[in-house]
Amino acid sequence: MAKSVVEDALQLDILYFQQNRLLSWAPDIVHNLNWHRGEKVISSIGFTLLGEQGRPHSIRLNYDAFLGQDKYPCGYTVTLVPTSCNYGGVRWWFICPGWRGGIECRRRCRILYLPSGAIYFVCRRCHELTYDSTRKTGSLFYELIERPMKIRDKSMVALQHSRSPRRQTRALQRIRWAERVLTSGFLRLPSTRILQLRLASGETRGLGRQGRWA
Ligand SMILES: [Zn+2]
């Protein structure tokens with residue numbers, strides 16, 4: 001049987017949580033996240049932040065996993081850790097809750113995956129996921145999704161840490177360009193639906209008037 005690929009799994013990306021300021025949401029309240037294909041919700045989970053003194057230390061995930069027709073209600077906690085960034089501020093990580101060879105993984109990772117037929121969100125190594133061979137420079141996936149995502153991430157950092165109006169304007173232009181390309185990429189490549197994680201309460205949040213995430 002072919003190995004599962006990253007592109008077909010549901011993904012929880014800590015960068016998405018951080019960029020959309022979900023990590024500063026009130027603790028102990030259940031929020032929902034949906035995955036969309038076009039306008040249709042294809043999957044959703046509940047999450048609750050646990051923490052103290054205004055900082056989360058873990059996230060509780062609640063959802064139903066499916067093995068064929070059988071439904072498995074899942075509820076477990078994943079540890080979150082911050083690391084300092086060179087440019088100031090912090091970068092957050094999941095600590096993988098998976099097991100490999102009878103040993104807890106506990107790898108620090110940006111993305112947790114739930115491939116079809118699996119029960120837990122764990123890291124790429126725990127699920128033994130490979131990358132789709134189409135994921136390379138020059139491919140549609142790279143040009144419409146991966147590259148604009150990288151440029152958007154880099155420009156977000158530049159925007160937040162630059163004081164020069166000229167650089168801020170350039171960063172904003174890059175971010176808007178990247179978002180336009182991503183929007184068309186999500187429509188053209190249905191398999192990238194997993195990257196199009198949106199808040200249950202609304203559309204992906206756009207840039208506010210100050211050019212920051214609303
Ligand atoms: Zn792992």
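We did not get these values from a lab; they are worked out from the coordinates using the rules stated. Remember, predicted model here, so these are calculated numbers, not experimental data. Cβ coordinates were reconstructed from backbone atoms using ideal geometry, including for glycine residues, and neighbour counts include every protein chain displayed.
For the pair Arg91 and Trp25, how long in nm is the line joining their label points, each one 7 Å along Cα→Cβ?
2.4
For an R0 of 25 angstrom, estimate the FRET efficiency from the Cβ-Cβ distance between Val81 and His161 and round to the nearest 0.05.
About 0.70, to the nearest 0.05.
Could you calculate, for the range 6-127, the ratio of the Cα radius of gyration to the Kirkwood radius, expressed as Rg to Rh?
Rg/Rh: 0.96.
What order do you get for 143-153, 35-45, 166-176 when each peptide is scored by the mean count of other beta carbon atoms within 10 Å, highest first?
Per-residue Cβ counts within 10 Å, averaged per peptide and sorted highest first, yield 143-153, 166-176, 35-45.
Spelling out what I want: for every residue of the range 28-42, take phi, set θ = phi - 60°, compute 6.51 cos²θ - 1.76 cosθ + 1.60 (Karplus), and round to whole Hz; glycine and proline get x.
Result, ordered by residue: 6, 10, 7, 10, 10, 10, 10, 9, 10, 10, x, 8, 8, 7, 9 Hz.
In what sequence, highest mean first, do 9-19, 92-102 appear when ranked by Cβ atoms within 10 angstrom?
Taking the mean over residues of other Cβ atoms within 10 Å, the ranking is 9-19, 92-102.
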